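Engineer: Shown below is the structure under consideration.
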Amino acid sequence: MFVTKQLLSIGNRKPPIILLATVYRPSPWEYQQGVLGLSGTEGLLPPGEVRHRSSRQQGTVQRTRRAGALSLPHVARVIVSATYCACAGAKAFSPRRAVLGLLVCGEPRTPVSVPQDEGKTDYYARKRLVIQDKNKYNTPKYRMIVRVTNRDIICQLLNRFGMDKIYEGQVEVTGDEYNVESIDGQPGAFTCYLDAGLARTTTGNKVFGALKGAVDGGLSIPHSTKRFPGYDSESKEFNAEVHRKHIMGQNVADYMRYLMEEDEDAYKKQFSQYIKNNVTPDMMEEMYKKAHAAIRENPVYEKKPKKEVKKKRWNRPKMSLAQKKDRVAQKKASFLRAQERAAES
């Protein structure tokens with residue numbers, strides 16, 4: 001049998017119980033029998049379960065708890081040493097009454113929530129994005145914030161410094177790494193830092209597509225190619241051609257061709273707006289090239305004029321006094337006619 005000694009700190013009480021235990025991996029016979037033996041007259045303990053003892057009532061077995069909830073699936077038996085039990089007000093356990101199972105105290109620890117799960121601002125990251133060194137003499141530190149909605153990816157930039165006329169950026173899309181270099185005799189390239197917010201910064205995330213577009217547009221943003229599509233984490237190599245295909249929408253075009261051949265209904269459902277605007281897979285790259293050229297020609301966002309919407313009112317308008325009196329007279333006449341018909345019948 002595999003034997004190892006471990007120092008276990010179990011439970012969430014203060015101070016916690018600390019046990020020096022010898023952990024045995026179950027033998028084939030124990031797996032076959034489906035039980036774990038207990039010393040003395042404690043009885044039999046099924047696999048995967050543990051006994052729960054109170055630190056105040058050492059001799060009372062309170063309840064049985066699943067070992068899976070404690071993330072200890074491979075622990076079969078624990079023999080507790082009588083001389084290594086540190087708990088407030090607890091006595092040393094007797095080796096004769098030691099349980100051949102895991103001796104625990106308290107409830108499992110509550111999982112710690114993260115900002116992404118709660119949708120709250122990660123102020124730990126925010127502070128490090130905006131704080132500036134004292135030897136920079138209050139030089140502003142800028143952030144490029146990427147906001148992702150259901151249909152748009154929004155990055156708001158100001159052109160009041162006129163840097164777009166000095167630094168043109170990467171005109172031809174290659175997908176390779178590009179960093180803006182400052183021009184002699186001109187103001188340095190505008191430096192800012194990517195603020196991903198609560199987005200999961202996984203390889204190929206949309207926020208890094210926005211980062212690549214900003215860098216190719218002439219902004220100086222510290223980055224690497226490790227999170228761009230085309231980077232292989234095993235070989236540590238970056239394939240710029242794969243990145244270029246994603247920029248030009250070729251991955252979407254390949255998926256369109258796949259659905260057109262395999263599932264026509266799914267293609268019509270998923271790419272209905274493409275079909276409506278007569279966009280085919282072969283047109284994707286040319287469409288994005290025209291979009292890039294149009295952005296460079298006029299990068300200013302033009303607000304669309306708001307449509308004047310005339311609200312419909314479904315509530316009933318108030319009646320005037322004359323209308324109310326006329327309505328009462330009509331009800332009286334209707335009631336009298338009903339009485340006359342009842343008398344005639």
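Bear in mind these aren't lab numbers, they're just calculated from the coordinates by the rules spelled out. Not measured: the values here are computed from a predicted model. Virtual Cβ from ideal backbone geometry, glycine too; neighbours counted across all protein chains shown.
Engineer: So which aspartates and glutamates can K276 reach, going by Cα to Cα under 20 Å and dropping same-chain residues fewer than 8 places off?
Structural biologist: Once the sequence-local aspartates and glutamates are set aside, what remains near K276 is D152, D254, E261, D263, E264, D265, E285, E286.
Engineer: Cross-link candidates for K311: which lysines have Cα within less than 21 Å, leaving aside residues fewer than 8 places away along the same chain?
Structural biologist: K311 reaches no qualifying lysines.
Engineer: Read phi for every residue in the range 275-282 and hand back ³J(HN,Hα) as whole Hz from Karplus 6.51 cos²θ - 1.76 cosθ + 1.60, θ = phi - 60°, with x for Gly and Pro.
Structural biologist: Coupling constants for the range 275-282: 5, 5, 9, 6, 9, 10, x, 6 Hz.
Engineer: Taking neighbour counts of Cβ atoms within 10 Å as a proxy for exposure, in what order, fewest first, do K290, K310 appear?
Structural biologist: Details: K290 11, K310 5.
Starting with the residue having the fewest Cβ neighbours, the order is K310, K290.
Engineer: Right, another one. To the nearest 0.05, what FRET efficiency results for V148 and A322 with a Förster distance of 51 Å applied to their C-beta separation?
Structural biologist: On the way: r = 60 Å, r/R0 = 1.17.
Efficiency for this residue pair is about 0.30.
Engineer: Let me ask something additional. Are there GluC sites (Glu not before Pro) in the range 239-345 that DSSP puts in a loop and that have at most 14 other Cβ atoms within 10 Å, and which ones?
Structural biologist: On the way: sites: E241, E261, E262, E264, E285, E286, E297, E302, E308, E340, E344; in loops: E302, E308.
Here the GluC sites (Glu not before Pro) that fit, given the DSSP loop and packing criteria, are E302, E308.
Engineer: Under 1.5 on a/c is rounded, so check that first for the range 231-308, then, if it is not, pick prolate when a/b is larger than b/c and oblate when it is not; a ≥ b ≥ c are the square roots of the alpha carbon gyration tensor eigenvalues.
Structural biologist: Since a/c reaches 1.5 but b/c is at least a/b, the shape of the range 231-308 is classed as oblate.
Engineer: Over 22 Å between Cα atoms, which of K212/K290; K212/K245; K226/K289 qualify? Please list the in-between numbers first.
Structural biologist: Values: K212/K290 18 Å; K212/K245 13 Å; K226/K289 25 Å.
With Cα atoms farther than 22 Å apart: K226/K289.
Engineer: Less than 22 Å apart at the alpha-carbon level, and either on another chain or at least 8 residues along: which lysines does that give for K136?
Structural biologist: K127
Engineer: Using the Karplus curve 6.51 cos²θ - 1.76 cosθ + 1.60 with θ = phi - 60°, what ³J(HN,Hα) values do you get for each residue of the range 152-167, in whole Hz, with x for Gly and Pro?
Structural biologist: Result, ordered by residue: 10, 10, 10, 10, 9, 10, 9, 10, 6, 8, x, 6, 5, 7, 8, 10 Hz.
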